[in-house]
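S.K.: What follows is a single structure, and I will ask about it in a moment.
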Amino acid sequence: MEGVDALNSGLYFNAAQAAANEAAKQAQQKKKAEKTKKSAFSSAFEKAQAEHQLISEGLPAEIAGMSPEEAVVYLKDAADIAAEKLKASQMPENFTDYRKKVSQFMKYIVKNNFEVIHHSRAPKRGRKMAPQTQIVVINQKLDEMAQWLLHSHTDTLQMLAKIEEVSGLLVDLMAT
């Protein structure tokens, strides 16, 4: 009987150990699933917070989660698309959209790359303008375009030239 009792207790012990291992495995899987749920919720919450912060700063929510390089390219492309619409039709709403897109681009550049300090002197001949000066010049050109758009629609070539000038300044700003 001793051999049978030892066999039965050994089987019982093995079965109990297997059941305990299975229960621990299931508990671990359940904990992992809960962690994934929390992780998905927290990442969605963080993304919503980032989008809200961008909107409050006057930037588009679409750049949330993008790297700085991707965001700059996205904002520059948005400004270029708005410029093309404005070139095709010099309507006030197209100008408003263009100005908004350029403004968003510049806000992002200033927020992430530069501390803007206004300089009163012009660059020396052959030298590029400092990024801070370029931002001031871009704002001046946009103001000139707005005034021109409000006062007359007769000279389309002048408007197109200013759009190209601002686009060129934006490219220069990205290059520095």
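S.K.: For residues that are more than 14 Å from Val166 (Cα to Cα) and either not aliphatic (A, V, I, L, M) or not in a helix (DSSP H, G or I) (or both), tally how many sit in segment 60-102.
M.R.: 19
S.K.: Scan (1) open to solvent by less than 100 Å² (accessible area, probe 1.4 Å); (2) modelled with pLDDT under 85 for the single condition Phe13 breaks and write down its number.
M.R.: In the conditions (1) open to solvent by less than 100 Å² (accessible area, probe 1.4 Å); (2) modelled with pLDDT under 85, Phe13 misses (1) alone.
The values are calculated or read from the model by the stated rules, or taken from the named source; none is laboratory data. Source: prediction; values computed, not measured. Only protein heavy atoms, including side chains, enter the accessible area calculation; ligands, DNA and RNA are left aside. Shrake-Rupley method; radii C 1.70, N 1.55, O 1.52, S 1.80 Å.
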